[in-house]
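Engineer: Before anything else, here's the structure in question.
The values are calculated or read from the model by the stated rules, or taken from the named source; none is laboratory data. Predicted model only: the values in this text are computed from it and were never measured. Here Cβ is always computed from backbone atoms with ideal geometry, including for glycine, and neighbour counts include all displayed protein chains. Heads up: the accessible areas ignore ligands, DNA and RNA and are worked out on the full protein's heavy atoms, side chains in. Shrake-Rupley method; radii C 1.70, N 1.55, O 1.52, S 1.80 Å.
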Amino acid sequence: EHLKECKECKDMLNNMQDELILNKQKRDGREVEYIKKYNKKMKMWKKILIVVFVLFAIYAISVGYKFIILNKIAEKNKESNNIENYYYYSIANDTLMEYFKKDGIIKMNIRQARGNGDITFWKNSNTGEQLIFWNEAKLYDKAEGGILESTPASMFASSDFATNIMMALHPFVFVGTQKYNDIECYNIKFNTVYEVIGKDTGLLLYSNEENSMRNIQYKFNTVIDDDVAKPNISEYTLNSNN
């Protein structure tokens with residue numbers, strides 16, 4: 001009743017109500033602004049988490065893929081090295097190598113594409129006899145441990161589980177596929193190393209590391225007895241330096 005008659009009090013009440021409304025609007029505005037900022041942050045974090053999840057998923061798939069491929073290479077490489085009859089021809093920079101293996105007998109010839117050097121290693125694994133022949137000088141001698149007994153090694157053809165896991169986990173090991181001399185292959189890159197490995201054999205066909213390159217060709221079950229025949233010692237002189 002008083003407010004109806006007292007203008008001063010009525011104006012005071014109106015001012016108080018206006019201030020309450022203004023304070024409420026400010027408070028509501030701050031709450032809305034806070035919610036907007038909160039939602040914006042949440043959207044940003046959601047995007048970050050999605051990106052992290054996608055990157056982790058890609059990495060996990062990559063690790064799994066690389067591990068499977070490395071195991072396949074190791075298995076195929078082991079199968080190929082268990083074959084008792086094979087031949088390979090290797091060119092490493094200017095060094096040429098011919099390698100014959102049949103029924104435990106190995107014959108390996110190394111020579112330079114330019115200049116001198118022509119050496120033959122011969123081994124009979126059944127008897128343990130092992131010789132080395134310097135063809136140009138016509139000298140021969142025993143060659144304990146001087147001959148390879150497996151195909152050219154790839155640094156990625158490991159049968160060790162832990163090694164393959166470590167290689168697969170490494171972010172700078174890249175595995176792909178390609179054709180090389182019409183052969184389906186895997187290619188693997190790691191730092192300065194680039195290798196091409198046959199899918200069916202697990203054997204190294206090409207490698208490139210800094211200034212060192214190597215090309216290799218294989219043939220299986222084509223070696224005959226003449227290919228691994230022991231060189232005629234009567235044509236050589238025993239090396240007197242030893």
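Engineer: Return one number: the angle in degrees, 0 to 90 and rounded to the nearest 10, between the long axis of the Cα atoms of helix 7-81 and the longest principal axis of the Cα atoms of the chain.
Structural biologist: Compared with the principal axis, the helix lies near 10 degrees.
Engineer: Among Ile216, Ile197, Ile61, whose mean-square fluctuation peaks in a Gaussian network model of the chain (Cα, cutoff 10 Å)?
Structural biologist: Ile61
Engineer: For Cα pairs less than 8 Å apart in space and 6+ apart in sequence, what is the mean separation divided by the residue count of the range 52-110, i.e. the relative contact order in percent? Don't skip to the answer; put the middle values down first.
Structural biologist: Working: 42 pairs, mean separation 11.6, N = 59.
Once divided by the residue count of the range 52-110, the mean separation gives 20 percent.
Engineer: Would you tell me the accessible area of Phe174, worked out with a 1.4 angstrom probe on the heavy atoms of the protein chains, in Å² to the nearest 10?
Structural biologist: Around 110 Å² of this residue is reachable by solvent.
Engineer: If you don't mind, there's one more thing I want to ask. Using 0.36 nm times the number of residues separating Ala92 and Ala153, minus their current alpha carbon distance, what extension gain do you get? Numbers along the way, then the final one.
Structural biologist: Values: separation 61, 0.36 × 61 = 21.96 nm, distance 1.32 nm.
Here the segment from Ala92 to Ala153 would lengthen by 20.6 nm.
Engineer: Enter the accessible area of Val54 (Å², nearest 10), with the probe set to 1.4 Å and all protein chains included.
Structural biologist: Its heavy atoms expose roughly 70 Å² to the probe.
Engineer: At a threshold of 8 angstrom on Cα-Cα distance, excluding pairs fewer than six apart, so keeping six or more, what relative contact order does the range 1-143 reach in percent? Please report the intermediate quantities before stating the final value.
Structural biologist: Details: 125 pairs, mean separation 12.4, N = 143.
Value for the range 1-143: 9 percent.
Engineer: If I build a Gaussian network model for the chain, linking alpha-carbon pairs within less than 10 angstrom, which residue out of Glu184, Glu19, Glu79 has the largest mean-square fluctuation?
Structural biologist: Result: Glu19 has the largest fluctuation of those listed.
Engineer: Can you pull out the trypsin sites (Lys or Arg not before Pro) in the range 137-242 that DSSP calls coil and that have at most 15 other Cβ atoms within 10 Å?
Structural biologist: On the way: sites: Lys138, Lys142, Lys179, Lys189, Lys199, Arg214, Lys219; in loops: Lys138, Lys199.
Listed in order of number, the matching sites are Lys138, Lys199.
Engineer: Using alpha carbon centroids, what distance separates the range 1-59 and the range 163-242, in Å?
Structural biologist: Their Cα centres are 71 Å away from one another.
Engineer: Taking 8 Å as the Cα distance limit and 6 or more residues as the minimum spacing, I'd like the relative contact order of the range 106-154 as a percentage.
Structural biologist: Averaging sequence separation for qualifying contacts and normalising by length gives 27 percent for the range 106-154.
Engineer: What accessible area per residue, rounded to a whole number of Å², is obtained for the chain using a probe radius of 1.4 Å? Each step should come with its number before you reach the end.
Structural biologist: Details: 16240 Å² over 242 residues.
In whole numbers, the chain has 67 Å² accessible per residue.
Engineer: Quick one: with all protein chains in place, what share of the accessible area of the chain is carbon or sulfur, to the nearest percent (1.4 Å probe)? Let's see the in-between values first.
Structural biologist: Values: 9170 of 16240 Å².
Heavy-atom surface of the chain belonging to carbon and sulfur, 1.4 Å probe: 56 percent.
Engineer: Under a crude label model (7 Å from the Cα following the beta-carbon direction), how far is Thr222 from Lys179 in nanometres?
Structural biologist: Simple spin-label model gives 2.0 nm for this pair.
Engineer: Quick one: length gained pulling Lys78 to Phe56 fully straight, 0.36 nm per residue minus the C-alpha distance? Show your work: numbers first, answer last.
Structural biologist: Details: separation 22, 0.36 × 22 = 7.92 nm, distance 3.28 nm.
4.6 nm is the gain from fully extending Lys78 to Phe56.
Engineer: If DNA, RNA and ligands are ignored and the probe is 1.4 Å, what is the ranking of Tyr206, Tyr86 by accessible area, most exposed first?
Structural biologist: Details: Tyr206 35, Tyr86 0 Å².
These residues rank, largest area first, as Tyr206, Tyr86.
Engineer: Run the 1.4 Å probe and let me know the accessible area of Met42, rounded to the nearest 10 Å².
Structural biologist: 80 Å²
Engineer: Next up: Report the FRET efficiency, 1/(1 + (r/R0)^6), for Asn211 and Asp160, where r is their Cβ-Cβ distance and R0 is 35 Å, rounded to 0.05.
Structural biologist: Numbers: r = 29 Å, r/R0 = 0.83.
Rounded to the nearest 0.05, the efficiency is 0.75.
Engineer: Can you tell me how much longer the chain between Glu1 and Lys40 gets when fully stretched, taken as 0.36 nm per residue apart minus their C-alpha distance, in nm with one decimal?
Structural biologist: Working: separation 39, 0.36 × 39 = 14.04 nm, distance 5.13 nm.
Stretched out fully, the Glu1 to Lys40 stretch lengthens by 8.9 nm.
Engineer: Which of the cysteines in the chain are isolated, no other cysteine C-beta under 4.7 Å?
Structural biologist: Singleton cysteines: Cys185.
Engineer: Students sometimes get this wrong: rank Asp226, Asp18 by accessible area, probe 1.4 Å, all chains present, largest first.
Structural biologist: Sorted by accessible area, descending: Asp226, Asp18.
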